Amino acid sequence: MSIYKRWILWLGHRRWFAAVGRRFGSRFDRWLYRASRGKLTTLGRRGAPVLLLTTTGRRSRCERTVPVMYIRDQRNFVISSENFGQRHPAGWPLNLDADPAAKVQVGAEIVTCSAKRLTDDEADRYWPRLVQAWPAHATYRRRSGERHTFVLTPH
């Protein structure tokens with residue numbers, strides 16, 4: 001593992017890093033990901049795997065795009081949100097609950113998907129792999145007391 005990746009994984013557990021990521025990282029990562037056609041994120045080329053998730057806002061009905069870490073389960077994408085350890089959920093899980101249709105960009109490829117929220121038992125099956133991909137998932141879950149996990153199935 002590179003020094004940069006070890007450093008990023010270490011930073012992920014820091015409260016100030018979560019605060020910066022929450023405020024600025026998502027916007028910058030979205031821009032960087034699109035500009036590089038999915039080759040770069042702030043986590044680097046070998047950081048945690050990131051996709052761009054586009055949902056429909058549950059109130060605004062406008063498209064909302066956010067970078068989200070993921071793992072693969074065959075052809076499906078598994079995503080989880082602990083919202084950087086905050087006590088309230090991020091917007092995208094609530095948007096997927098209201099409308100499970102989503103678009104996913106991985107690299108330069110964009111696919112439409114259907115989202116299914118996982119029960120705690122179902123999410124437990126994926127949890128070790130999610131934490132392996134981004135260890136701060138465990139820290140954020142401990143702080144927030146929440147976990148919102150979905151499987152995105154491409155059409």
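Taken over the chain, the ratio of Cα radius of gyration to 2.2 N^0.38 Å equals 0.97.
Based on the Kirkwood radius over alpha-carbon pairs, what value in µm²/s does the Stokes-Einstein equation return for the translational diffusion coefficient of region 79-155 at 10 °C and 1.306 mPa s?
Roughly 122 µm²/s, to the nearest whole number.
With helices as the sole contributors, the chain gives -10500 deg cm²/dmol at 222 nm; each DSSP H run of n ≥ 4 counts as -39500 (n - 2.57), and the sum is divided by every residue. Here the Karplus curve 6.51 cos²θ - 1.76 cosθ + 1.60, taken at θ = phi - 60°, turns the phi angles of region 23-39 into couplings of 7, 10, x, 4, 5, 5, 4, 4, 5, 4, 4, 5, 4, 9, 6, x, 8 Hz, with x standing for Gly and Pro.
For region 3-154, relative contact order (Cα pairs under 8 Å, six or more residues apart, normalised by length) works out to 26 percent. Basic side chains Lys and Arg get +1 at the Cβ, acidic Asp and Glu get -1 at the Cβ, and with that the dipole of region 3-154 about its Cα centre reaches some 640 debye. Take the Cα of Leu9, step 7 Å toward its Cβ, do the same at Thr119, and the gap between the two points is 3.3 nm.
Using a cut-off of 24 Å between alpha-carbon atoms, which lysines can reach Lys39, once sequence neighbours fewer than 8 places away in the same chain are excluded? Candidates past the 8-residue exclusion: Lys5, Lys103.
No lab work stands behind these numbers, since they all come straight from the coordinates. Note that the coordinates shown come from a computational prediction; the quantities given were computed from them, not determined experimentally. No Cβ is skipped: glycine too gets one built from the backbone with ideal geometry, and neighbour counts run over all protein chains shown.
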